[in-house]
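Notes follow once the structure below has been shown.
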Amino acid sequence: MVRISKTYIPKESEKYMCEKHKLFFKNKLLVWKKDLVRSNNEALYNSSMDDNSTSADMVDQASSYTDKNVEMRAINRQIKLISKIDSALKKIKDGTYGFCEDTGEPIGIKRLIARPVATLSIAAQEKHEKEEKVYADDA
C-alpha cells in the first residue's frame, strides 16, 4: 500500500500517474468534493432560512428573487463540478486519469494540480475552444 505525506507534491521526475500521483489526486479531489458539498448544504440551508417572499415590499421581493436565482446558479455550477470530480475519481480507479480524452497523451502534472478535473491536454483544450468559437461565429 502506497502512502504519501500531507505535504507531498507530484514530481515530473516520477513515473507519470504512479500510485503516489493517483493517491495525491484522489485525496485532492475528495477534499474538494467534501468542501463543495458542505458549502452547497450551507447555501441551501441559509436560503431556506431567509425567505423574504412574505415581504410586502415589491422591491425587496424582486431583490430576494434575484439573489436566490444567483445562489441557485452557483449551486448548479457546483453540482456539475461535483459530477466532474466523481468522474475524475472513477478514472483514477480505472487507470485512465491524467490522460487526454482526445489524444490519449498525458495531460501533465502542473495542469492537473491547477485543474484536477481536466480531461484534455492544453493543446486539445485549445483546439476544442477554437472549434467552439468557429462554430459560435457561424451560428
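The values are calculated or read from the model by the stated rules, or taken from the named source; none is laboratory data. Owing to the predicted nature of the structure, the values given are computational and were not obtained by experimental measurement. No Cβ is skipped: glycine too gets one built from the backbone with ideal geometry, and neighbour counts run over all protein chains shown.
Data table
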{"item": "Leading residue by the ranking (farthest from the chain's Cα centre (by Cα)) among those in the stretch 62-118 that are of a type in the set (S, T, N, Q) and in a loop (DSSP other than H, G, I, E, B)", "result": "Thr103"}
{"item": "Qualifying residue in the stretch 4-23 (condition: in contact with a Cys (Cβ under 9 Å, 6 or more places away or on another chain), under 30 Å from Asp94 (Cα atoms) and modelled with pLDDT of 80 or more)", "result": "yes"}
